[in-house]
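The values are calculated or read from the model by the stated rules, or taken from the named source; none is laboratory data. Source: prediction; values computed, not measured. Here Cβ is always computed from backbone atoms with ideal geometry, including for glycine, and neighbour counts include all displayed protein chains.
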There are 2 protein chains.
Amino acid sequence: MAAQQSHSKKIVLSAEQEERLSQRLRSAQLRLTRQRVLLAHLLFRDGNRHVTADGLYEEARMVGLSISQATIYNTLNQFLEAGLLREVIVDSHRSYFDTNLGDHHHFYVEETGQLIDVPHDAIQLTQIPSAPSGFDVAGVDVVLRLSVAK
Amino acid sequence: MAAQQSHSKKIVLSAEQEERLSQRLRSAQLRLTRQRVLLAHLLFRDGNRHVTADGLYEEARMVGLSISQATIYNTLNQFLEAGLLREVIVDSHRSYFDTNLGDHHHFYVEETGQLIDVPHDAIQLTQIPSAPSGFDVAGVDVVLRLSVAK
DNA sequence: ATTTGTGCAAATCGTTTGCATCTGA
DNA sequence: TCAGATGCAAACGATTTGCACAAAT
């Protein structure tokens, strides 16, 4: 299931890009290592995106970063803890990570693993039950499952 | 993570119970084997419930059924395919199965793995976006994530 | 110099599969 | 009888971990 292509386009970051990322990682108490900076670049470069550990791994090697799967997992989890990423739960076998930290929901295409953001206000939840006593509602996730139209 | 207790209460089904279950399995084209009948009994005995493969396994052995994990998984998947169960996706590492086939939503307590049904009409979804072209919305899942109040 | 991160391989967890053996219809 | 079900163990895929080495502060 690994998108194995050989576009070994090396990535070079501009000074500003490098700087912006550095801020971000530093303020998350994370050391600036080659792999973290490049993964952060891949993740935060252009707008919001969704990744899978395996997907990010393939992408990283494709741009010429020498990195191990363990580091991918460790890094994603660190970013998660640091609040740089959010997890999206739509599949019971794979973890998805989302760079969009705002309040929003998702479309999910099971067949392809494709995730699409749904803006928060595109869904009107006019009534939700209160939490059972002893609990608080910590979050409301809405997943619109898509299937290919026939 | 295995709730290991030794309440080896053997289960004996009444004639009517046996009969009701038999109908159900037969109409799903499933043979009446000892393990299937007993698992079905555990699942459908009292109202709607949620199980995890491991949870059901522990429960089955606790009531004295000799069964393997493989059979638990196979059976759950068969029941799923046969439409006797539904899957609930709330955790990216574990699969949950729900005997409630109706339209409804869930509360989920991550710390304990507890799942609680939320009636369909307890949540008012007054507006949902239409599917991107080429797709249909096959389902809408709402998960209210609970945390222990402090 | 010290602390923290990295790569690798081995370990783990949930789940699936192959195959020889049973068992229900 | 014999297709289909079961148990076991091995295989699997995703993820985590232990440890020696390397790099960042």
Checklist entry - Can you name the condition, by its number, that B:Val51 falls short on among (1) in contact with a Phe, Trp or Tyr (Cβ under 7 Å, 6 or more places away or on another chain); (2) near DNA strand C (Cβ under 8 Å from one of its atoms)? => result (2)
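Considering each residue of region A:41-57, count those that are among the hydrophobic types (A, V, I, L, M, F, W, C), within 13 Å of DNA strand D (Cβ to nearest atom) and away from every other protein chain (no Cβ under 14 Å), and give that number. Lay out the reasoning, then the answer.
First, the residues of region A:41-57 that are among the hydrophobic types (A, V, I, L, M, F, W, C): A:42-44, A:51, A:53, A:56.
Imposing the further condition that a residue be within 13 Å of DNA strand D (Cβ to nearest atom) reduces the set to A:51, A:53, A:56.
Filter once more, keeping what is away from every other protein chain (no Cβ under 14 Å): A:56.
Going through region A:41-57 one residue at a time, the tally reaches 1.
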Item to check | Residue among B:Ala60, B:Ala122 that alone is in the same structural domain as B:Leu30 (by TED's automatic domain parsing), of a type outside the set (S, T, N, Q) and either within 16 Å of DNA strand D (Cβ to nearest atom) or within 30 Å of B:Lys150 (Cα to Cα) (or both) | outcome: B:Ala60
Checklist entry - Of all the residues that make up region B:104-121, how many are away from DNA strand C (no atom under 11 Å from the Cβ) and not in a strand (DSSP E or B)? => result 5
Next on the checklist: For region B:40-54, check the following and say yes or no: at least one residue is in a strand (DSSP E or B) and hydrophobic (A, V, I, L, M, F, W, C).
Outcome noted: yes
Checklist entry - How many residues does region A:71-91 contain that are touching a residue at least 24 places away in the same chain (Cβ under 8 Å), away from DNA strand D (no atom under 11 Å from the Cβ) and surrounded by 14 or more Cβ atoms within 10 Å (Cβ to Cβ)? => result 6
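Do the conditions hold for B:Ile128, that is, is it among the aliphatic types (A, V, I, L, M), facing another protein chain (nearest Cβ under 8 Å) and either in contact with a His (Cβ under 8 Å, 6 or more places away or on another chain) or touching a residue at least 24 places away in the same chain (Cβ under 8 Å) (or both)?
On the way: among the aliphatic types (A, V, I, L, M): yes; facing another protein chain (nearest Cβ under 8 Å): yes; either in contact with a His (Cβ under 8 Å, 6 or more places away or on another chain) or touching a residue at least 24 places away in the same chain (Cβ under 8 Å) (or both): no.
No, not satisfied.
Yes or no, residue by residue, for (1) out of contact with any Gly (no Cβ under 6 Å at 6 or more places or on another chain); (2) at pLDDT below 95; (3) on the phi > 0 side of the Ramachandran plot:
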| residue | (1), (2), (3) |
| --- | --- |
| A:Glu81 | yes, yes, no |
| A:Asn100 | yes, no, no |
| A:Pro132 | yes, no, no |
| A:Phe135 | yes, no, no |
| A:Arg145 | no, no, no |
| A:Val148 | yes, yes, no |
Checklist entry - Any residue in region B:72-88 that is farther than 18 Å from B:Gln23 by Cα and in a loop (DSSP other than H, G, I, E, B)? => result no
Checklist outcome for this item: Over region A:9-46, the set of residues more than 16 Å from DNA strand C (Cβ to nearest atom) and at pLDDT below 70 is A:Lys9
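Output yes when any residue across region A:60-68 is among the charged types (D, E, K, R) and either within 14 Å of another protein chain (Cβ to nearest Cβ) or closer than 22 Å to B:Glu110 by Cα (or both), and no when none is. Quick ask: steps written out before the conclusion?
Restricting attention to region A:60-68, the residues satisfying the condition of being among the charged types (D, E, K, R) are A:61.
From what's left, either within 14 Å of another protein chain (Cβ to nearest Cβ) or closer than 22 Å to B:Glu110 by Cα (or both): none.
Within region A:60-68, not a single residue is among the charged types (D, E, K, R) and either within 14 Å of another protein chain (Cβ to nearest Cβ) or closer than 22 Å to B:Glu110 by Cα (or both).
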Checklist entry - Which one is nearest to DNA strand D (Cβ to nearest atom) among residues in region A:22-35 that are farther than 15 Å from A:Thr99 by Cα and part of a helix (DSSP H, G or I)? => result A:Arg34
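Given the condition under 21 Å from B:Asp117 (Cβ atoms), at the interface with another protein chain (Cβ under 9 Å from one of its Cβ atoms) and of a type in the set (Asp, Glu), answer yes or no: does some residue in region A:136-149 qualify?
Kept after step one, since they are under 21 Å from B:Asp117 (Cβ atoms), are these residues of region A:136-149: A:136-145.
Filter once more, keeping what is at the interface with another protein chain (Cβ under 9 Å from one of its Cβ atoms): A:136-145.
With the extra rule that they be of a type in the set (Asp, Glu), the set shrinks to A:136, A:141.
Scanning region A:136-149, I find at least one residue that is under 21 Å from B:Asp117 (Cβ atoms), at the interface with another protein chain (Cβ under 9 Å from one of its Cβ atoms) and of a type in the set (Asp, Glu), so the answer is yes.
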Checklist entry - Quick one: would you say A:Leu101 is more than 7 Å from chain B (Cβ to nearest Cβ), aliphatic (A, V, I, L, M) and in a loop (DSSP other than H, G, I, E, B)? => result yes
Next on the checklist: Against the definition (closer than 18 Å to B:Ser92 by Cβ and acidic (Asp, Glu)), how does A:Glu81 come out, yes or no?
Outcome noted: yes
Checklist entry - Based on what the data block shows, is B:Asp91 within 12 Å of DNA strand C (Cβ to nearest atom), farther than 22 Å from B:Leu25 by Cβ and either part of a strand (DSSP E or B) or not β-branched (Val, Ile, Thr) (or both)? => result yes
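Being outside the structural domain of A:Val142 (by TED's automatic domain parsing), touching a Phe, Trp or Tyr at 6+ places or on another chain (Cβ under 9 Å) and not charged (D, E, K, R): is that true of A:Phe44 here?
Values: outside the structural domain of A:Val142 (by TED's automatic domain parsing): yes; touching a Phe, Trp or Tyr at 6+ places or on another chain (Cβ under 9 Å): no; not charged (D, E, K, R): yes.
No; evaluated as a whole, the condition is false for this residue.
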Next on the checklist: Of everything in region A:104-125, what is more than 10 Å from chain B (Cβ to nearest Cβ) and touching a helix residue (DSSP H, G or I) at 6+ places or on another chain (Cβ under 8 Å)? Give them in sequence order.
Outcome noted: A:His104
